[in-house]
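Heads up: the structure comes next, in structure tokens.
The values are calculated or read from the model by the stated rules, or taken from the named source; none is laboratory data. All values reported here derive from a predicted model rather than from experimental measurement. Positions of Cβ are generated from backbone atoms using ideal geometry, with glycine treated the same way; all protein chains shown enter the neighbour counts. Keep in mind that these areas ignore ligands, DNA and RNA; they rest on the heavy atoms of the full protein, side chains included. Shrake-Rupley method; radii C 1.70, N 1.55, O 1.52, S 1.80 Å.
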Amino acid sequence: MFAAAAAVGAGLGVEVDRVSRPGSVPWLTAGAAVTVPVAVFLCAVWVLHVRPHRLPAVRNAVYPGAALLVLASTFTAAATLVTGLLLVALVATAELLSRRDAASTAS
């Protein structure tokens with residue numbers, strides 16, 4: 001998990017090189033340098049923090065689903081931006097599902 005988080009930082013460095021020096025790094029390589037470690041990090045969070053709680057199927061599938069979408073964003077020209085937007089959507093979705101489950105449990 002920590003190696004994946006560190007690799008995201010390195011991937012962002014590759015993305016900065018791509019943007020600041022056009023032609024230095026192909027966009028697909030720079031995208032993969034960010035998206036692959038993010039997907040690994042999301043899978044590690046799922047395995048270590050989400051899955052052991054035996055949540056409902058929808059809440060349990062949010063992190064692996066987000067990891068797959070992040071990997072798919074590798075093939076877009078703006079992979080880093082799309083990854084960021086997907087992570088925002090992941091946080092919002094996880095929070096909404098958590099509140100929905102808490103409300104249904106309280107009722």
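Residues that are open to solvent by less than 70 Å² (accessible area, probe 1.4 Å) and among the polar types (S, T, N, Q) within the range 13-37 comprise S24, T35, listed in sequence order. Tell me, yes or no, whether the range 98-106 has at least one residue that is under 19 Å from the mean Cα position of the chain (by Cα) and buried (at least 16 other Cβ atoms within 10 Å of the Cβ). No, the conditions are met nowhere in the range 98-106. The set of residues from the range 40-75 being over 15 Å from the mean Cα position of the chain (by Cα) and either on the phi > 0 side of the Ramachandran plot or among the hydroxyl-bearing types (S, T, Y) (or both) comprises just one member, R54.
For first residues located in the range 43-70 and in contact (Cβ under 8 Å) with a residue 60 or more places away in the chain and part of a helix (DSSP H, G or I), partners that are open to solvent by 70 Å² or more (accessible area, probe 1.4 Å) and aromatic (F, W, Y) and lie 6+ apart or on another chain with Cβ distances below 6 Å do not occur. In this structure, does R18 turn out to be part of a helix (DSSP H, G or I), closer than 30 Å to A102 by Cβ, among the charged types (D, E, K, R) and modelled with pLDDT under 95? Spelling it out, it is not the case that R18 is part of a helix (DSSP H, G or I), closer than 30 Å to A102 by Cβ, among the charged types (D, E, K, R) and modelled with pLDDT under 95. The residues of the range 79-95 include none that are at pLDDT 95 or above and more than 25 Å from G31 (Cα to Cα).
Out of all the residues in the range 1-12, which are within 19 Å of L81 (Cβ to Cβ) and exposed (fewer than 13 other Cβ atoms within 10 Å of the Cβ)?
Correct list: G9, A10.
What do you reckon, is A67 surrounded by 13 or more Cβ atoms within 10 Å (Cβ to Cβ), hydrophobic (A, V, I, L, M, F, W, C), within 22 Å of W27 (Cα to Cα) and in contact with a Ser or Thr (Cβ under 9 Å, 6 or more places away or on another chain)? No: the conditions fail for A67.
Summed over the range 71-97, residues that are of a type in the set (G, A, S), touching a residue at least 12 places away in the same chain (Cβ under 8 Å) and open to solvent by 40 Å² or more (accessible area, probe 1.4 Å) total 2.
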